[in-house]
């Protein structure tokens with residue numbers, strides 16, 4: 001019986017999640033009401049709070065799932081240069097922003113007000129940082145990066161550059177070519193560390 005109850009609960013949660021994302025896309029995050037989300041999901045309004053404390057939790061879940069998917073697409077191959085690996089990670093973030101710009105902008109706009117979104121951003125940045133640090137160390141072993149360069153610091157610079165450029169792009173109304181700007185900044189970072 002517990003298995004059926006858990007399965008039903010998971011289906012309701014997924015219905016609320018999908019309905020919320022559709023409402024965010026159609027009406028905007030701010031204007032999407034919990035009542036409309038529940039109506040679209042076919043559940044009573046109070047049911048929402050059994051699954052999500054706030055709307056921002058849904059946005060945080062979306063961002064986490066999207067970035068984990070981007071992480072999977074960023075897996076390094078043995079013959080890949082460090083530059084190619086760093087560009088691929090940045091390209092996947094740019095692609096994500098372009099695929100769902102309404103949700104991406106909402107996540108950016110409401111992050112300062114949401115501990116849950118901020119936590120998810122930190123966890124995402126930490127995952128990328130760990131992976132890139134390992135990739136930089138491997139590049140040092142192959143002579144791509146100077147041995148005296150601190151891999152952890154270079155990785156932190158990379159992560160802050162990518163997130164900073166994306167924020168700048170959003171804050172300026174997407175007024176410049178994000179992909180080209182990221183590529184230029186990443187190349188500049190690597191020039192500082194090249195053997």
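Being touching a helix residue (DSSP H, G or I) at 6+ places or on another chain (Cβ under 7 Å), surrounded by fewer than 18 Cβ atoms within 10 Å (Cβ to Cβ) and over 23 Å from residue 71 (Cα atoms) is a condition met by at least one residue of the range 155-178.
Working carefully through the options 10, 26, 15, find the one that is outside the structural domain of residue 106 (by TED's automatic domain parsing), free of Cβ contacts under 8 Å to residues at least 24 places away in the same chain and either outside any helix (DSSP H, G or I) or over 25 Å from residue 123 (Cα atoms) (or both).
Every option except 26 fails the conditions.
Take the conditions (1) assigned to a helix (DSSP H, G or I); (2) within 30 Å of residue 181 (Cα to Cα); (3) not assigned by TED's automatic domain parsing to the domain that holds residue 161; residue 87 misses just one of them, which is (3). Test residue 143 against the stated conditions and say whether it is touching a residue at least 40 places away in the same chain (Cβ under 8 Å) and out of contact with any helix residue (DSSP H, G or I) (no Cβ under 8 Å at 6 or more places or on another chain). The answer is yes for residue 143.
For the range 41-61, the set of residues classified as surrounded by fewer than 21 Cβ atoms within 10 Å (Cβ to Cβ) and under 15 Å from residue 124 (Cα atoms) consists of 61 only.
Right, residue 77: assigned by TED's automatic domain parsing to the domain that holds residue 93 and modelled with pLDDT under 95 or not? Talk me through it step by step, then tell me what you get.
Working: assigned by TED's automatic domain parsing to the domain that holds residue 93: yes; modelled with pLDDT under 95: yes.
For residue 77, the condition - assigned by TED's automatic domain parsing to the domain that holds residue 93 and modelled with pLDDT under 95 - is met.
Under the condition of being surrounded by fewer than 15 Cβ atoms within 10 Å (Cβ to Cβ), under 16 Å from residue 57 (Cα atoms) and over 21 Å from the mean Cα position of the chain (by Cα), the residues counted in the range 11-30 number 0. Looking across the range 163-177 at every residue that is modelled with pLDDT under 90 and assigned to a helix (DSSP H, G or I), the one that is nearest to residue 128 (Cα to Cα) is identified as 166.
The values are calculated or read from the model by the stated rules, or taken from the named source; none is laboratory data. Because the structure is predicted, anything quoted here is derived from the model rather than measured. Neighbour counts are summed over all protein chains in view; Cβ atoms, including those assigned to glycine, are modelled from backbone coordinates with ideal geometry.
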